[in-house]
1. Looking at PRO213, PRO271, PRO217, can you tell me which residue is in contact with an Asp or Glu (Cβ under 8 Å, 6 or more places away or on another chain) and not aromatic (Phe, Trp, Tyr)?
2. Within the stretch 167-180, identify whether any single residue is closer than 16 Å to PRO361 by Cβ and out of contact with any Phe, Trp or Tyr (no Cβ under 9 Å at 6 or more places or on another chain), and answer yes or no.
3. Filter the stretch 107-132 for residues that are more than 15 Å from the ligand (Cβ to nearest atom), farther than 19 Å from GLY189 by Cα and among the charged types (D, E, K, R); which is surrounded by the fewest Cβ atoms within 10 Å (Cβ to Cβ)?
4. Would you check which residues across the stretch 70-90 are over 16 Å from ILE260 (Cβ atoms) and surrounded by 19 or more Cβ atoms within 10 Å (Cβ to Cβ) and list them?
5. For the stretch 80-98, enumerate the residues that are among the hydroxyl-bearing types (Ser, Thr, Tyr) and more than 14 Å from the ligand (Cβ to nearest atom).
6. Suppose we keep only residues that are surrounded by 17 or more Cβ atoms within 10 Å (Cβ to Cβ) and either within 16 Å of the ligand (Cβ to nearest atom) or among the acidic types (Asp, Glu) (or both) within the stretch 38-69. Which one would you say is nearest to ASN229 (Cα to Cα)?
7. Could you count how many residues in the stretch 300-338 are away from the ligand (no atom under 16 Å from the Cβ), part of a helix (DSSP H, G or I) and not charged (D, E, K, R)?
8. Just a yes or no: is a residue in the stretch 162-175 more than 26 Å from TYR328 (Cβ to Cβ), surrounded by 17 or more Cβ atoms within 10 Å (Cβ to Cβ) and either within 16 Å of the ligand (Cβ to nearest atom) or over 21 Å from the mean Cα position of the chain (by Cα) (or both)?
Amino acid sequence: MHQEIIERFNSLKEKQLSIDITRGKPDKDQLDLSNELIDMTIPFISEDGADLRNYGEQFGIIEARRLGSELLSAPIENILAGEQSSLLLTYQTVLSNYLFAKPTPWKNLENPKMICPVPGFDRHFMMLEDFGIEAVPIPLVEDGVDLNALEETLKKDGNFVGILCVPKHSNPSGEIYSDSNLSKMFEIGSKYSNKFLFLFDHAYLIHDFLPTPEQKPLWQVVEESKVQNQTVVTTSFSKVTFGGGGISFMATSGDSLELIKKVRTTMIICPDKLNQKRHVEFFKNIENVRLHMEKHAALVRPKFELAYDYLEKLSNDCGTFSRPTGGYFITYSTSKPIASLVVKLCSDLGVLITPAGSTFPKNYDPNDSVIRLAPTFVTKDELADAMNVFITAVEVAHYGIDI
Ligand SMILES: Cc1ncc(COP(=O)(O)O)c(C=O)c1O
């Protein structure tokens with residue numbers, strides 16, 4: 001059996017592949033779905049008479065905010081439509097609390113800590129590191145965060161300022177938080193402190209490609225739990241229209257809304273209102289956004305299915321893999337502590353994979369087990385080669401084969 005794996009390894013090496021499956025980016029055919037945006041002509045006056053060519057409408061034009069309100073199912077007065085990046089809004093939220101949170105800005109707290117369900121998004125960890133906020137990992141379970149771990153962690157010493165999570169098609173392992181998981185998270189967090197911030201990066205809110213368990217709109221759960229003032233939800237059209245070229249949205253309320261307004265007032269006079277208008281004219285309404293996402297799903301689904309076909313060839317002894325129904329990533333968890341070795345072997349064969357450990361704070365995966373695969377930004381032929389390399393590398397590492 002090992003002979004076959006060695007031969008496969010060597011023949012893949014001869015192919016001198018050069019494939020990058022590190023980042024979850026939309027492929028060209030997905031971007032083509034929005035080409036109309038590039039040269040469409042739009043009115044330069046907003047619905048309520050604002051001149052979109054000039055400064056003004058600091059928190060987004062009314063029609064973009066309305067679209068955001070439909071997308072996030074939150075009242076329009078709670079919605080801000082920003083530039084193209086939701087990550088920037090998340091960063092600004094952390095910054096605003098760092099500088100101005102009441103009664104105590106986070107910068108004045110001794111050793112502030114943020115809970116981060118893992119595996120998670122590397123840029124969230126980088127962001128917290130910028131502020132010297134310690135990212136404290138807790139495990140994800142099938143339907144959201146491990147609530148016992150959350151409760152136990154909050155009993156420990158330290159200034160826990162909040163939790164940062166991706167509540168749907170979590171990056172990278174694809175969990176979908178259940179409504180009850182979310183309500184209990186709100187209960188536990190607000191019992192800890194009525195200043196505990198629930199920060200949701202809803203990057204994959206409408207990115208299903210297979211039937212997905214229903215979630216109540218997040219803002220509805222927020223309202224039912226009465227945590228509007230301590231919740232911030234961000235999302236964007238980055239993986240709806242153009243990567244880094246869509247509109248970002250935020251839903252929040254009360255003190256959190258005031259804080260974000262305060263910090264943004266200093267740093268930016270207004271977002272790109274013409275791009276906001278272009279998107280509103282392109283989609284017209286939320287139904288069309290959903291129809292557009294079905295076209296993405298049709299392009300993305302076959303790539304995930306192809307990746308699943310290869311991963312199924314691996315013996316269960318080697319590890320397990322997530323089967324997300326949306327989003328951009330698959331997580332493979334090795335049963336032995338060999339993730340770094342697998343990533344290195346893939347690189348030796350010309351396939352770049354996100355470095356092992358990067359889905360954990362400080363790049364430290366205590367079990368050296370989690371590997372993130374991003375199957376979208378390659379052709380199907382490249383993906384087939386990359387997956388063949390991946391499963392071969394897992395087998396070589398798992399069986400300790402000398403190559
Ligand atoms: C969880 C998550 N949040 C945010 C982003 C970036 O979104 P944006 O382009 O809106 O900043 C990504 C992109 O990969 C992501 O995976």
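1. Working: PRO213 fails: in contact with an Asp or Glu (Cβ under 8 Å, 6 or more places away or on another chain); PRO217 fails: in contact with an Asp or Glu (Cβ under 8 Å, 6 or more places away or on another chain).
Criteria check complete, one pass: PRO271.
2. Step one: of the stretch 167-180, the residues closer than 16 Å to PRO361 by Cβ are 170-173.
Then drop every residue that is not out of contact with any Phe, Trp or Tyr (no Cβ under 9 Å at 6 or more places or on another chain), which leaves none.
No; the residues of the stretch 167-180 include none that is closer than 16 Å to PRO361 by Cβ and out of contact with any Phe, Trp or Tyr (no Cβ under 9 Å at 6 or more places or on another chain).
3. Only one residue fits best here, namely GLU110.
4. LEU71, GLN84
5. Step one: of the stretch 80-98, the residues among the hydroxyl-bearing types (Ser, Thr, Tyr) are 85-86, 90-91, 93, 96, 98.
Of everything in the stretch 80-98, those that are among the hydroxyl-bearing types (Ser, Thr, Tyr) and more than 14 Å from the ligand (Cβ to nearest atom) turn out to be SER96, TYR98.
6. It comes out as GLY68.
7. Matching residues across the stretch 300-338 total 6.
8. First, the residues of the stretch 162-175 that are more than 26 Å from TYR328 (Cβ to Cβ): none.
Looking through the stretch 162-175, none of the residues is more than 26 Å from TYR328 (Cβ to Cβ), surrounded by 17 or more Cβ atoms within 10 Å (Cβ to Cβ) and either within 16 Å of the ligand (Cβ to nearest atom) or over 21 Å from the mean Cα position of the chain (by Cα) (or both).
The values are calculated or read from the model by the stated rules, or taken from the named source; none is laboratory data. None of the values given here were measured: they were computed from a predicted structure. Here the Cβ is made from the backbone with ideal geometry for all residues, glycine too, and neighbour counts use every protein chain on show.
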